[in-house]
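The structure appears right after this line, and notes come after that.
The values are calculated or read from the model by the stated rules, or taken from the named source; none is laboratory data. For clarity, every value in this text was computed on a predicted model and none was experimentally measured. Heads up, the Cβs are rebuilt from the backbone with ideal geometry, glycines too, and the neighbour counts pull from every protein chain shown. These area figures cover heavy atoms from the full protein model, side chains too; ligands, DNA and RNA do not enter into them. Shrake-Rupley method; radii C 1.70, N 1.55, O 1.52, S 1.80 Å.
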Amino acid sequence: MAQAPELKLVPTPGQTIGPFYGYALPFAKDNELVNQAHPNSVRLHGVVYDGKGEAIPDALLEIWQADEAGNIVSEQGSLVRDGYTFTGWGRTAVDNVGHYTFTTVNPGATEEGKAPFIMLTVFARGLLNRLFTRIYLPEDTAALANDPLLASLTDAERKTLIATREADGSLRLDIHLQGKEETVFLSYPRES
Amino acid sequence: MSTNNKTLDPAATTASQEDISAEISSIHEVYRQQLLSGMKAETQPRVDFAPYRSSLLRHPTKNLHHADPETIELYSPAFGQRDVHALESDLTIQHNGEPIGERIVVSGRVLDGDGRPVAGQLVEVWQANAAGRYVHKRDQHPAPIDPNFTGVGRTITGANGEYSFTTIKPAPYPWKNHHNAWRPAHIHFSLFGTDFTQRMITQMYFPGDPLFALDPIYQSITDQDARDRLVATYDQSITSHEWATGYNWDIVLTGSNRTWMEEEEGEH
Ligand SMILES: [Fe+2]
């Protein structure tokens, strides 16, 4: 890929979400990208851990993904869900034991042969700036093997980005902000 | 039930402000030396910043891994009038009476790193009231809750990236990072760009706050120019006669990757 052009303006710094977002950012059905009654609804869940392996009770996560066919949608209505419109975006505060749940669908490949993934953003008290990562679906092993990001990681690192499919069809991925199983967090071009 | 922040913060100590300030100074001094030796200026907070005790176990220890953005990462969710009512940008009219405190208007523009306005995107804010108290069950600060002030607002940016909130100036509030720790007055801001990689949450501060030097969250940004970017400017042109004082604050997101990558693809 060619060199990204220089920025003209310097980006504003981020700051921690702090402890008191709970009455401000969550909203009704924030974590329901589709209704649980949707025939292909999938539970995406896991636990957010700190560097001591303790669950973090005050993190907020957001996901952004393509629909089942791999289309990137541009639909309003995420904040006032009608139960029918797929907007591709969801938000959830973890519960008191650090557990998060989204109800969504498996994203399709956005291009033929590409490994489908869900984009995840992590905010937390104690975390001074947001973190980005990807949640890959585990099934298409050929596509996973060809994925440029995954190919640039060690086996242990790769594991932190690929969800596990549970017996009931749920996707499971734990997030480790620090420690032996530390999640691989991403930076992108043109951040500064 | 009261929440003991010491159990939430295993790393919290009974450090004094002097201890915390000394730690901040020594980190900043190392940074100044690095700047003098030609290192590029930092523009974002350090995620590993020990004076903010809660960061100790909550920051990645490995460098962020570079990713070339793909498909979904080059787009952002769409928000609009369906999501947000126009009145949600006025935090002073959400109840039956007028909230107590100094009525202010905070307005500015959301731009991307190329200086392009971010139009039609969601901006969310939340804040403490004029006594420094949040309407949040975990806020145990013994300052009054204002029945006429919740402290939550939303808006959708205009065609030039502009936003405007009418609110009450928040007060500083104490927290448990160290003994006698107080946060400078601030408004929390949540922002989206045209690419989801531009997503950010930050805090806007008020000019001249005497608590700036003492605050490990603000000082986690080691560079003075970068810290200044979080401070609004008093603006007489936003101030309105016998109604509210005005502040201006523009927000710059990171650069979009969609435009230049598409252009490059077009050249192939
Ligand atoms: Fe705050």
Please find, within segment A:2-16, the residue that is farthest from the ligand (Cβ to nearest atom) out of those that are open to solvent by 30 Å² or more (accessible area, probe 1.4 Å), out of contact with any helix residue (DSSP H, G or I) (no Cβ under 6 Å at 6 or more places or on another chain) and touching a residue at least 12 places away in the same chain (Cβ under 8 Å). A:LEU7
Selection from segment A:17-31 of residues away from the ligand (no atom under 16 Å from the Cβ) and in contact with a Phe, Trp or Tyr (Cβ under 8 Å, 6 or more places away or on another chain) yields A:ASN31
Confirm whether A:THR92 is on the phi < 0 side of the Ramachandran plot and within 9 Å of another protein chain (Cβ to nearest Cβ). no
Filtered residues of segment B:181-231 (kept if closer than 25 Å to B:GLU162 by Cα, within 15 Å of the ligand (Cβ to nearest atom) and touching a strand residue (DSSP E or B) at 6+ places or on another chain (Cβ under 6 Å)): B:HIS186, B:ILE187, B:HIS188, B:PHE189, B:SER190, B:ILE201, B:THR202, B:GLN203, B:MET204, B:TYR205, B:LEU230
Those residues of segment B:20-76 which are within 19 Å of B:PRO216 (Cβ to Cβ), among the charged types (D, E, K, R) and either surrounded by 14 or more Cβ atoms within 10 Å (Cβ to Cβ) or within 20 Å of the chain's Cα centre (by Cα) (or both) amount to B:GLU23, B:GLU42, B:ARG46, B:ASP48, B:ARG53, B:ARG58
Among the residues of segment B:129-144, is there at least one that is touching a residue at least 40 places away in the same chain (Cβ under 8 Å), away from the ligand (no atom under 16 Å from the Cβ) and not in a helix (DSSP H, G or I)? no
Filter result for B:LYS176 (over 27 Å from B:GLN236 (Cβ atoms) and of a type in the set (Lys, Arg)): yes
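Here is a yes/no grid of residues against (1) in contact with a helix residue (DSSP H, G or I) (Cβ under 8 Å, 6 or more places away or on another chain); (2) assigned to a loop (DSSP other than H, G, I, E, B); (3) at pLDDT below 95; (4) within 9 Å of chain A (Cβ to nearest Cβ):
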residue: B:GLU29; (1), (2), (3), (4): no, no, no, no
residue: B:ARG46; (1), (2), (3), (4): yes, yes, no, yes
residue: B:ILE72; (1), (2), (3), (4): yes, no, no, yes
residue: B:PRO77; (1), (2), (3), (4): yes, yes, no, yes
residue: B:HIS95; (1), (2), (3), (4): no, yes, no, no
residue: B:ILE104; (1), (2), (3), (4): no, no, no, no
